[in-house]
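The next block holds one structure in the form of structure tokens; read it before the comments.
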Amino acid sequence: YTDDSPTDNLVFGADVTGKVPGIGADLTLAAAGTWVKTGPWKFEGPPTNDNYAFMAKLENIKFDPVSAWVKYTAVGPTFGSYYATNDDDILDNYAGSAAAEIEVSADLPVGIPTTLTLGDTLWMEYPTAMKYNETTGKAVVKPLEDLTVTVSGAYKADLDADDADDFKGYKAHADVAYKAFGLTLTPYADYKVDSYADAALHDGNRVDTIVG
């Protein structure tokens, strides 16, 4: 409870963490809410009841050679914790939104150490208005002890044609990390289209090519 003029605010949160019997995965269930004091021992939320934040996360799901995690997060647009810092990743990144996310990784039996990671995110305006779906993929190959090659990409589909925001786009990334003489050399290249690129147009197209 915080006496914070011009309003007095009550924040209540709880979480439960532990192992899931049978599969050994890590489970996190967390929820919080904020209310404004309107009278002696009387606290009220906004009429829209969007003053809640909650998360359910299942991590370290392992079925050799595959590991995975799944997560659902939602932060109401009128939720505001006066105990949270301004750089809180969950509250800032998911403010006014809800998201269902999954990621799966596997070590591939291809003769050289190779890890493939696939992910998918369904992003919504709180609580259920569809905004976009993003699919990601990444392959990390280690052909030599001092050499690591990473190739990744993402594709985003716009799910709300009536929204002014255009979420569609795709990107590709490749980099090489090579260790020599006590240094790590990391040349890379990025290709970004539409929502992944900056707002500048190049020959009428919203495309960025970056080499570094």
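Odds and ends about this structure:
Yes/no per residue for (1) in contact (Cβ under 8 Å) with a residue 60 or more places away in the chain; (2) open to solvent by less than 70 Å² (accessible area, probe 1.4 Å); (3) among the aliphatic types (A, V, I, L, M):
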| site | (1), (2), (3) |
| --- | --- |
| THR136 | no, yes, no |
| VAL151 | no, no, yes |
| LYS156 | no, yes, no |
| ASP194 | no, yes, no |
| LEU201 | no, no, yes |
| VAL207 | no, yes, yes |
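- Residue in the range 82-99 that is at pLDDT 85 or above and among the β-branched types (Val, Ile, Thr) present: no
- Test result for VAL20, open to solvent by less than 70 Å² (accessible area, probe 1.4 Å), farther than 19 Å from PRO127 by Cα, in contact with a strand residue (DSSP E or B) (Cβ under 9 Å, 6 or more places away or on another chain) and not small (Gly, Ala, Ser): yes
- The single condition among (1) within 23 Å of ASP120 (Cα to Cα); (2) at pLDDT below 90; (3) touching a Gly at 6+ places or on another chain (Cβ under 9 Å) that LEU27 does not meet is (2).
- Filter result for the condition that a residue is without any contact (Cβ under 8 Å) to a residue 12 or more places away in the chain and not hydroxyl-bearing (Ser, Thr, Tyr), over LYS37, LYS42, LYS62, LYS57: LYS42
- Residue check for LEU58: buried (at least 17 other Cβ atoms within 10 Å of the Cβ), under 24 Å from the mean Cα position of the chain (by Cα) and over 19 Å from MET124 (Cβ atoms): yes
- Criterion applied to VAL110, VAL141 was being surrounded by 14 or more Cβ atoms within 10 Å (Cβ to Cβ), in contact with a strand residue (DSSP E or B) (Cβ under 9 Å, 6 or more places away or on another chain), of a type outside the set (Ser, Thr, Tyr) and over 24 Å from ASP198 (Cα atoms), and the one residue passing it is VAL141.
- Which listed residue, of VAL211, VAL176, is under 30 Å from PRO143 (Cα atoms), open to solvent by less than 60 Å² (accessible area, probe 1.4 Å) and either at pLDDT 95 or above or β-branched (Val, Ile, Thr) (or both): VAL176
- Residue ID - farthest from SER67 (Cα to Cα), chosen from residues in the range 23-47 that are in a strand (DSSP E or B) and open to solvent by less than 50 Å² (accessible area, probe 1.4 Å): GLY39
The values are calculated or read from the model by the stated rules, or taken from the named source; none is laboratory data. Computed from a predicted model, the values in this text were never measured in an experiment. Heads up, the Cβs are rebuilt from the backbone with ideal geometry, glycines too, and the neighbour counts pull from every protein chain shown. When the accessible area is computed, the model is the full protein with side chains, heavy atoms only, and any ligands, DNA or RNA have been set aside. Shrake-Rupley method; radii C 1.70, N 1.55, O 1.52, S 1.80 Å.
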